[in-house]
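Take a look at the structure below.
The values are calculated or read from the model by the stated rules, or taken from the named source; none is laboratory data. Values in this document were obtained by computation on a predicted structure and should not be read as measured data. Quick reminder, even Gly has a Cβ in these numbers, built from the backbone with ideal geometry, and neighbours come from all protein chains shown. In case anyone asks, the SASA skips ligands and DNA or RNA and just uses the protein heavy atoms, side chains included. Shrake-Rupley method; radii C 1.70, N 1.55, O 1.52, S 1.80 Å.
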Amino acid sequence: MKIHEYQAKELFRKSGIPVPTGKTCTNEKDISSLLAGMQTPVAVKAQILAGGRGKGGGVVLAKTTGEAQKAAEKILGMQLVTKQTGDEGTTVKTILLEQGVDVAKELYLSMLVDRDHAGIVIIASRDGGMDIETVAAETPDRIITVHVNPLLGLQGYQVRELIYGLEIAPNVAKAFGGIIRKLFSLFMQTDCSLVEINPLVITNEDEVIALDAKMDIDSNSLFRHSDILAMHDSSEEDELEAAAASHGLNYIRLKGTIGSMVNGAGLAMATMDLIKQAGVEPANFLDVGGGASAEMVENGFRIILSDPNVRGIFINIFGGILRCDILAEGVVTAARKIGLSLPVVVRMEGTNVEAGRKILADSGLTLINATDLKHAAELLAAI
Amino acid sequence: MAIFVNKDTRVLVQGITGKEGRFHAGQCSEYGTNIVAGVTPGKAGQNVNTIPVFNSVADAKRKTSANASMIVVPPPFAAEAILEAVDAELDLVVCITEGIPVMDMLRVKIGMKGRHTRLIGPNCPGIITPGECKIGIMPGPIHMPGGPVGVVSRSGTLTYEVVHQLTKQGLGQTTCLGIGGDPINGTDFIDCLSAFQEDPETKAVVMVGEIGGSAEEEAAAWIAANMNKPVVGFIAGLTAPPGRRMGHAGAIVSGGKGTAEAKLTAMRENGIHVCESLGSLGELCKEVFTERI
């Protein structure tokens with residue numbers, strides 16, 4: 001789960017990691033009074049979860065209060081389009097007004113779970129403020145990587161490796177090292193999967209300050225972080241995805257025309273691929289889970305049908321624990337209840353498949369029965 | 001022969017008194033698995049369908065000589081359950097639980113180094129040696145005993161699909177297992193491939209991967225260097241959008257890494273027979289394996 005910059009900075013502040021003085025604003029009327037107490041320059045920053053805000057025009061460094069006022073009015077409420085938001089963009093509902101900082105040096109710092117080494121990796125670079133993937137591609141020697149064993153924790157020599165590698169001046173080294181340690185503790189305590197500070201700056205007064213903050217928390221861990229769960233902002237999620245999540249369905253909206261409902265994530269992905277190979281485009285990923293009930297099938301139908309692009313539906317179920325006859329009952333009940341009018345291709349296999357197929361055939365509904373996946377692909381291509 | 005489990009495997013179920021635990025323990029028993037004990041702290045002395053329940057894994061092992069465990073406990077307690085089974089020195093732990101925090105699994109993974117227990121999962125369907133032993137939630141009847149094909153996969157129902165197609169083609173299985181959809185797991189592709197290579201009854205292997213991480217690429221390179229048995233490979237997620245978690249916590253394309261294309265290329269370059277379309281996997285296996293076995 002991603003949290004906003006201002007929320008991450010609040011966690012930083014509580015952990016003793018310096019961040020600029022700042023205030024959030026959600027109402028245009030408050031801008032002038034908030035700016036009244038601030039010295040210039042002021043950074044005006046759109047608070048959306050997607051990355052690439054600066055390039056999209058969502059971050060402005062204003063030299064005067066007047067400029068800040070103008071920028072804040074413009075950004076608050078704007079439809080911000082970045083490389084991560086899609087063409088429609090995201091409405092900026094909150095902005096962060098921050099005291100400008102006198103920057104001498106910009107660094108890049110991130111920590112993430114490294115699945116290949118089963119540990120935590122710290123990545124740092126002297127090229128702060130730049131896109132780290134570009135730095136990695138063009139000047140890989142300027143990237144420092146430190147692997148940390150989460151059971152042993154961050155060691156002194158590892159902190160020094162970063163200090164020497166980034167050529168941190170001796171009079172700043174202590175403050176810098178402290179920040180690395182505090183950030184690592186925060187990372188571990190909050191079950192982070194990623195924390196990124198770009199840039200982490202050293203000021204002309206030799207202070208080390210996190211100018212930006214990005215945090216992604218492991219969703220599986222939220223049962224033990226009620227404070228972070230409270231930070232969840234679902235307003236940027238796709239409406240249908242949020243609705244599906246509230247029904248316990250794993251749904252991701254795509255741009256195609258063929259909706260699909262599948263049990264199991266791997267089979268759901270493979271089913272999307274199959275739709276594409278049939279010459280049509282998948283409209284969604286939908287995993288109803290191994291223990292799907294008739295109610296979940298109905299909710300799944302509703303979600304898929306709420307997408308106006310959908311012209312047909314493919315139900316692909318491998319019945320194991322979920323028996324095919326139970327599933328078929330669910331499909332028939334849901335289709336009747338909703339008054340389904342789109343073509344539906346059903347492919348079922350596994351436990352009690354014959355009984356399931358009979359229920360579908362006897363239902364009087366226009367459900368198209370596919371005998372296997374190949375047959376299903378042919379039927380989909382014909383929709 | 002087969003890999004990791006057979007008719008002599010003696011299984012205990014951690015979390016047997018829960019709804020899921022009770023149901024799946026029953027299903028495994030019915031299939032013929034030697035389920036010898038259940039473990040739920042505080043419930044010692046009870047029975048679940050004649051299976052005795054113990055307070056701890058160590059106790060259950062002492063009294064019943066169990067050597068393997070199936071874990072069906074909720075996510076907040078699953079990592080500890082794995083460690084308990086490791087400390088009791090079981091040979092095999094199969095963790096079905098989905099949704100364990102990554103940080104917990106990192107600790108488990110490091111804590112297991114140097115220990116002899118093998119972990120399969122978490123977030124997996126389990127393992128089955130058809131006709132002998134089923135430790136997991138997969139439907140038993142779709143499997144065909146006697147080999148010659150070994151199946152290893154990161155998925156659940158997708159594995160059932162593959163097995164079903166093999167069975168329809170008259171290709172039986174030695175052992176089928178899912179290694180789990182989480183970013184940090186126990187047994188990996190290479191562990192399984194290596195075991196299949198060693199197993200004389202396994203003559204061919206189907207490997208089913210998905211987007212995210214680089215396990216498939218590493219496995220492909222390993223196959224080219226170490227295996228002389230034919231391998232058919234399939235990758236799910238060609239159409240998955242980047243940056244989105246596709247159900248499984250580990251199934252995500254990030255920073256251009258972990259794409260299905262990269263995995264398929266690695267498979268092709270290393271002599272693996274790539275299945276382009278799931279619908280024809282069984283036929284492809286029949287064709288490839290009949291020539292070679």
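Residue by residue through the range A:43-48, which ³J(HN,Hα) values in whole Hz follow from phi under the Karplus form 6.51 cos²θ - 1.76 cosθ + 1.60 (θ = phi - 60°), with glycine and proline marked x?
Result, rounded to whole Hz: 8, 10, 10, 5, 9, 10.
With each label point set 7 Å from Cα along the Cα-Cβ vector, what nm distance links B:Arg292 and B:Glu80?
It works out to 4.6 nm between the two label points.
Pairs A:Lys337/B:Lys134; A:Lys55/A:Lys93; A:Lys23/A:Lys214; A:Lys55/A:Lys174; A:Lys255/B:Lys286: which are spaced more than 28 Å apart, C-alpha to C-alpha?
Violating the 28 Å limit, Cα to Cα: A:Lys337/B:Lys134; A:Lys55/A:Lys174; A:Lys255/B:Lys286.
For the range A:93-118, which residues drop by 10 square angstrom or more in accessible area between the chain on its own and all protein chains together (1.4 Å probe)?
A:Val113, A:Arg115, A:Asp116, A:Ala118
Give me the net charge for the shell around B:Ile110: Cβ to Cβ below 13 angstrom, other residues only, Lys and Arg +1, Asp and Glu -1.
Net of charged neighbours comes to +2.
Which residue, A:Gln99, A:Gln69, A:Gln189, has the most motion in a Gaussian network model of chain A that connects Cα atoms within less than 10 Å?
A:Gln189
Of the beta bridges DSSP finds with both residues in the range B:1-123, what % are antiparallel, to the nearest 5?
10
Count, for each residue of B:274-281, the Cβ atoms from other chains sitting within 10 Å of its Cβ, then give me the mean as a whole number.
5
From the backbone phi of the range A:4-16, what are the Karplus-calculated ³J(HN,Hα) couplings (6.51 cos²θ - 1.76 cosθ + 1.60, θ = phi - 60°) in whole Hz, Gly and Pro given as x?
Ordered by residue, 3J(HN,Hα) equals 6, 3, 5, 6, 5, 5, 5, 5, 4, 4, 5, 8, x Hz.
Compute the separation of the alpha-carbon centres of the range A:277-328 and the range B:212-282 and state it in Å as a whole number.
25
Mind listing the long-range amide H neighbours of A:Asp114? Cut-off is under 5 Å, sequence gap 5 or more, other chains count too, H placed in the peptide plane at 1.01 Å from N.
Excluding prolines and chain starts, which carry no amide H, the hits are A:Gly119, A:Ile120, A:Val121.
Over the range A:1-125, one equal point on each Cα, no solvent: what is log10 I(q)/I(0) by the Debye formula at q = 0.12, 0.19, 0.20, 0.21 Å⁻¹?
These q points yield log10 I(q)/I(0) values of -0.51, -1.14, -1.22, -1.29.
Loop-only trypsin sites (Lys or Arg not before Pro) in the range B:115-177, please: DSSP not H, G, I, E or B, and at most 13 other Cβ atoms within 10 Å.
B:Arg115
Report ³J(HN,Hα) in whole Hz for each residue of the range A:227-240, in order, from the Karplus equation J = 6.51 cos²θ - 1.76 cosθ + 1.60 where θ = phi - 60°; Gly and Pro get x.
Calculated HN-Hα couplings, in order: 5, 6, 4, 5, 7, 4, 10, 8, 5, 8, 6, 4, 4, 5 Hz.
In terms of modelled amide H atoms, which long-range or inter-chain residues lie less than 5 Å from the amide H of A:Ile368?
A:Val344, A:Val345, A:Val346
Quick one: pull the percent of accessible area on the range B:1-123 belonging to carbon and sulfur, 1.4 Å probe, ligands and nucleic acids left out.
On the range B:1-123, the fraction of accessible area on carbon and sulfur atoms equals 49 percent.
Can you pull the mean other chain C-beta count within 10 Å for peptide B:134-144?
2
With the full set of protein chains in place, find how many percent of the accessible area of the range A:124-208 is carbon and sulfur; take the probe as 1.4 Å.
Looking at the range A:124-208 in its full context, I get 51 percent from C and S.
Give the distance, in whole Å, between the Cα centre of the range A:104-168 and the Cα centre of the range A:49-67.
27
With angles folded into 0 to 90 degrees, how steeply does helix B:281-292 sit against the dominant principal axis of chain B? Use alpha carbons for both and round to 10.
80
Under a 5 Å amide H to amide H cut-off, with H placed in plane at 1.01 Å, what residues pair with A:Ile217 once short-range neighbours are removed?
It is A:Lys2, A:Ile3, A:Ser193, by chain and number.
If the elastic network links every pair of Cα atoms under 10 Å, which of A:Arg53, A:Arg126, A:Arg357 fluctuates the most in the Gaussian network model of chain A?
A:Arg357
Per residue of A:277-284, how many C-beta atoms from partner chains lie within 10 Å of its own C-beta, taken as a mean?
Mean shielding by partner chains, rounded to a whole number: 1.
Quick one: net charge of A:Leu80's neighbours, Cβ under 14 Å, K/R +1, D/E -1?
Charge balance in the 14 Å sphere: +2.
Report, in listed order, any pair from A:Lys63/A:Lys83; A:Lys83/B:Lys263; A:Lys2/A:Lys374; A:Lys2/A:Lys182 with a Cα-Cα distance greater than 30 Å.
In this structure, A:Lys2/A:Lys374 lie more than 30 Å apart at Cα.
Which parts of the range A:308-347, residue by residue, lose 40 Å² or more of accessible area when the rest of the protein chains are there, as against the chain isolated (1.4 Å probe)?
Listed by number, the residues meeting the 40 Å² cut-off are A:Phe318, A:Ile321.
Just to be sure I understand: if you take the accessible area of chain B alone plus chain A alone and subtract the pair, with a 1.4 Å probe, what total do you get in Å², rounded to 100?
4000
Find the eigenvalues of the gyration tensor of the Cα atoms of the range B:1-123, then list the square roots of 5 times those eigenvalues as equivalent ellipsoid semi-axes, largest first, in whole angstrom.
21, 16, 14
First compute the accessible area of the range B:138-293 with a 1.4 Å probe, then give the percent of it belonging to carbon and sulfur atoms.
51
Compute, for the range B:138-293, the length of the dipole vector about the Cα centre, with Cβ point charges of +1 (Lys, Arg) and -1 (Asp, Glu) only. Units Debye, rounded to 20.
Computed charge dipole of the range B:138-293: roughly 260 debye.
About the Cα centre of the protein assembly as shown, how large is the charge dipole given +1 on each Lys and Arg Cβ and -1 on each Asp and Glu Cβ? Please answer in debye to the nearest 20.
Dipole magnitude for the protein assembly as shown comes out near 820 debye.
Stick to the Cα atoms of chain A, pair each with every other, and give me the Kirkwood hydrodynamic radius in Å at one decimal.
23.9
Could you sort the residues of the range A:240-274 by number and keep only those whose accessible area is reduced by 20 Å² or more in the all-protein-chain setting relative to the chain alone, 1.4 Å probe?
Correct list: A:Glu241, A:Asn250, A:Ile252, A:Leu254, A:Ala265, A:Gly266, A:Leu267, A:Met269, A:Ala270, A:Met272, A:Asp273, A:Leu274.
So what's the gap between the Cα centers of the range B:51-86 and the range B:105-165, to the nearest angstrom?
Centre-to-centre (Cα) distance: 18 Å.
With a 1.4 Å probe and every protein chain left in place, work out the accessible area per residue of the protein assembly as shown in Å², rounded to a whole number.
With the other protein chains kept in place, the protein assembly as shown gives 40 Å² per residue.
Compute the convex hull volume of the Cα atoms of the protein assembly as shown, divide it by the residue count, and report the result per residue in Å³ as a whole number.
163
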